[in-house]
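Below: the structure, in structure tokens.
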Amino acid sequence: VIDTERMWAAATEQMLITRGLAYNAVIQKKIHDTVHGLPPLIACGMVKQMFGLPESVEQLAREKSERAMALMKGNIKFITGFIKFHSELTSKRVLTAIASNC
């Protein structure tokens with residue numbers, strides 16, 4: 001329905017950069033390949049382990065969520081074609097549900 005993946009990735013990037021860690025395309029791909037689709041708590045646990053971060057997993061997950069929400073504020077848009085697709089479904093009384101990749 002909405003694509004927030006880039007904002008979650010940017011939140012991770014911000015977290016690492018503020019800790020003085022290098023961030024580049026190789027690191028971005030490694031993180032993406034490792035944590036893509038995982039809930040924030042598990043993803044942050046893996047990032048903590050990857051980079052030896054001293055904060056608790058809960059602290060990192062909270063920070064990442066706060067950063068992602070700030071990035072999303074005012075920037076959320078439906079993916080192209082969703083509104084038309086959803087309207088067609090509801091006009092035909094098709095039941096719908098929403099799920100997340102994590």
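With helices as the sole contributors, the chain gives -19500 deg cm²/dmol at 222 nm; each DSSP H run of n ≥ 4 counts as -39500 (n - 2.57), and the sum is divided by every residue.
Each Lys and Arg contributes +1 and each Asp and Glu -1, all at the Cβ; summed about the Cα centre of the chain, the dipole is approximately 260 debye. Looking at the stretch 43-102, which trypsin sites (Lys or Arg not before Pro) are DSSP coil and have at most 14 other C-beta atoms within 10 Å of their C-beta? When the trypsin sites (Lys or Arg not before Pro) of the stretch 43-102 are filtered for loop state and at most 14 Cβ neighbours within 10 Å, LYS73, LYS77, LYS92, ARG93 remain. Restricting attention to the chain, lysine pairs at least eight places apart or on different chains and with alpha-carbon atoms under 25 angstrom apart total 11. FRET efficiency for the pair ILE98 and PHE51, taken as 1/(1 + (r/R0)^6) with r the Cβ-Cβ distance and R0 = 25 Å, rounds to 0.15. Modelled this way, with points 7 Å down the Cα-to-C-beta line, the labels at LYS30 and LYS73 are 3.3 nm from one another. For Rg and Dmax of the Cα atoms in Å, computed directly from the structure shown, the correct entry in (1) 16.4, 53; (2) 13.3, 41; (3) 17.5, 68 is (1).
Using the 1.4 Å probe convention, the accessible area of the chain works out to 70 Å² per residue with neighbouring protein chains retained.
The values are calculated or read from the model by the stated rules, or taken from the named source; none is laboratory data. What you see is a predicted model; the values in this text were computed from it and never measured. As a convention, Cβ positions derive from the backbone with ideal geometry for all residues, glycine included, and neighbour counts pool all protein chains shown. When the accessible area is computed, the model is the full protein with side chains, heavy atoms only, and any ligands, DNA or RNA have been set aside. Shrake-Rupley method; radii C 1.70, N 1.55, O 1.52, S 1.80 Å.
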